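The values are calculated or read from the model by the stated rules, or taken from the named source; none is laboratory data. This one's a predicted model, so the numbers in the text were calculated from it and none came from an experiment. A quick note on method: Cβ atoms are made from the backbone with ideal geometry, for glycine too, and the neighbour counts reach across all protein chains shown. These area figures cover heavy atoms from the full protein model, side chains too; ligands, DNA and RNA do not enter into them. Shrake-Rupley method; radii C 1.70, N 1.55, O 1.52, S 1.80 Å.
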Amino acid sequence: MATKKFMFVNRKSPYGTVYALESLEVVLISAAFEQDVSLAFLDDGVYQITKGQNTDGIGQKNFSSTYKALGDYEIKKLYVEKESLEERGLTPDDLMDLVWEDEDDDWAEKPSIILVNRAEMADAMAEQEVTLSF
Amino acid sequence: MKFTIMINEGPYQHQSSDTALQFARAVLAQGHEIFRIFFYHDGVNNGTRLSVPPADDRLVQKEWSELSKEHDLDLVLCIAAAQRRGIMDEDEAKRQGLDANNIIEGFRISGLGQLIEGGIESDRTVVFGD
């Protein structure tokens, strides 16, 4: 089967609606199809990968650890929009430490998060062949 | 051109399913091909046959069902999303030990791989959502 450039665009916060959780399910399936996958986090979507999520008070599953497993599925391009962070008073330090292991470099851990500004995000989107927005 | 269409919202609450219907009709009218239409999130509610809107309103699910019959379309409900929301076909209802099914004719239930395959096989993938 052909390989295409897939981008999953995450625009909503992790809880409150089911979009983020169900989006991750599609992302993991796409990895099984060995596609060239990237993720984009913008608007409230940047909250999906913030550190220290705790869902004890709302009776819902905390699925934030799934993002840490993405590197193991060869998903290593997570574009995060700087403006969206700034608009919410967040900095890159508020985000989880998401990495992938480079087998060509003695399995060194490398960061998956790619900070981009709004114009660079548009460029990354323009390169895609299949863009699914959640 | 070959299209895959993804619908992420249910009927009535959001317009995206109505818009997708118009888009699908326009695609077919212009002689293009629809490889697959995939329903995800609350979009799986487009596949129930138990909706009863007021008599002067449209019945969105029936419009999908009829479009499917007319053009032999592949309408797929995501199984995980459908199970969460209680959309069942006969086999799935039996497997889950449920007392009823509610899927409307013209739809089938399958996995998310069908969406990814649609993206790979089609020239354009168009998402209708909130």
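General remarks:
- Dipole in debye (nearest 20) - region B:25-130, about Cα centre, beta carbon charges: Lys, Arg +1; Asp, Glu -1: 200
- Accessible-area composition of chain A, carbon plus sulfur, in percent [1.4 Å probe]: 46
- Seen from B:Thr19, the other residues with C-beta closer than 12 Å to its C-beta sum to a net charge of -2, counting Lys and Arg as +1 and Asp and Glu as -1.
- Backbone N within region A:30-48 under 19 Å of label point (7 Å from A:Thr91 Cα along the Cβ vector): A:46-47
- Computed from the alpha carbon positions, the gyration tensor of region B:41-130 leads to an equivalent ellipsoid with semi-axes of 21, 19, 12 Å, biggest first.
- Partner shielding of A:19-26 amounts to 4, given as the average count of beta-carbon atoms from other chains within 10 Å of each residue beta-carbon.
- Sites A:Lys5 and B:Arg58, calculated FRET efficiency, Cβ-Cβ separation with R0 30 Å, nearest 0.05: 0.20
- Distant-in-sequence amide H partners of A:Lys4 (H built 1.01 Å from N, under 5 Å): A:Asp36
- Heavy atoms of the protein chains alone define the surface here; on that basis region B:2-128 has 47 Å² accessible area per residue at 1.4 Å probe size.
- For chain A, the number of Lys pairs separated by eight or more positions or lying on different chains, with C-alpha atoms closer than 14 Å, is 8.
- Neighbour-limited loop hits for trypsin sites (Lys or Arg not before Pro), region B:57-120 (at most 15 other Cβ within 10 Å; DSSP other than H, G, I, E, B): B:Arg58
- For the pair B:Met1 and A:Lys110, label points projected 7 Å from Cα toward Cβ lie 3.5 nm apart.
- Translational diffusion of the protein assembly as shown was estimated from the Stokes-Einstein equation, with Rh taken as the Kirkwood radius over Cα pairs; at 37 °C and 0.692 mPa s the coefficient is 167 µm²/s.
- With a 1.4 angstrom probe, the accessible area lost at the A-B interface totals about 1800 Å².
- Chain-alone versus full-assembly comparison, region B:100-125, residues with accessible loss of at least 20 Å² (1.4 Å probe): B:Leu112, B:Gly113, B:Leu115, B:Ile116, B:Glu117, B:Gly119, B:Ile120, B:Thr125
- Annotation: the antiparallel percentage among DSSP beta bridges lying fully within the protein assembly as shown is about 15.
- Fraction of accessible area attributable to carbon and sulfur, chain B (%, probe 1.4 Å): 44
- Equivalent ellipsoid, chain A (semi-axes from 5 times Cα gyration tensor eigenvalues, Å): 22, 17, 16
- Interchain or long-range residues, amide H under 5 Å from B:Val127's placed H: B:Met6
- Residues in region A:5-133 average 50 Å² of solvent-accessible surface per residue, probe 1.4 Å, ligands and nucleic acids excluded.
- Residue of A:Gly59, A:Gly45, A:Gly71 that the Gaussian network model of chain A assigns the largest fluctuation, springs spanning Cα pairs under 10 Å: A:Gly59
- Normalising the average separation of contacting C-alpha pairs (under 8 angstrom, six or more residues apart) by the number of residues puts the relative contact order of chain B at 36 percent.
- For region B:57-85 and region A:40-75, distance of Cα centres in Å: 31
- With a Förster radius of 25 Å applied to the beta-carbon distance between A:Glu127 and A:Lys68, the computed FRET efficiency rounds to 0.45.
- With N as its number of residues, region A:28-81 has a Cα radius of gyration that, divided by 2.2 N^0.38 Å, comes to 1.26.
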